[in-house]
Amino acid sequence: MSETSGALPVAIIGPWRAQAVPDELLLKLFNRRRERHQVMSEAVWHGLRADAAIRLRQDGYAHGQISDMVAMSVEMVERHCRHADRTARGQAVLREYRERQSDKTVRSWKIVK
C-alpha cells in the first residue's frame, strides 16, 4: 500500500482538522466511513486514488505533481493515466478530423461559355 516517497498524505481526521497521517491510518479511517455509509459500501481505496490521479491528469497536472498529491509513485500514476490519456488523444484526433471535414465545403463551378 505504501508507495510514497517519504511524504505523508494529509487527511481530514475530524471536523476542521487536517494533519499528515500514514497510509495505514488513512485506510482504517476510510474503512470506518465505508461501514457507516451505504453509498460507500463498494468503494475501494485503490480506486479512489486512481480516479483522483486521472482527474488531476485531465486538469493538466504533470505525472510528478500528481504523484506528490495522491501519494503514488510516478510509475503508478503513469499506469493509471495511460488509458485516459489515450482516450483524450483519440478524441482530439476525431475533433480535428471533423473540423477539417467541415471546412472543406464543396462548391459547384459555374461553367462560363
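Each residue of the stretch 59-64 in turn: what ³J(HN,Hα) in whole Hz from Karplus with 6.51, -1.76, 1.60 and θ = phi - 60°, glycine and Pro shown as x?
7, x, 6, 7, 4, x
If I stretch the segment between GLU75 and ARG95 completely, what's the gain in nm (0.36 nm per residue apart, minus their alpha carbon distance), one decimal? Show your work: numbers first, answer last.
Numbers: separation 20, 0.36 × 20 = 7.20 nm, distance 2.96 nm.
My answer for the length gained is 4.2 nm.
None of the figures in this text is laboratory data; all of them are computed from the coordinates on show. Values in this document were obtained by computation on a predicted structure and should not be read as measured data.
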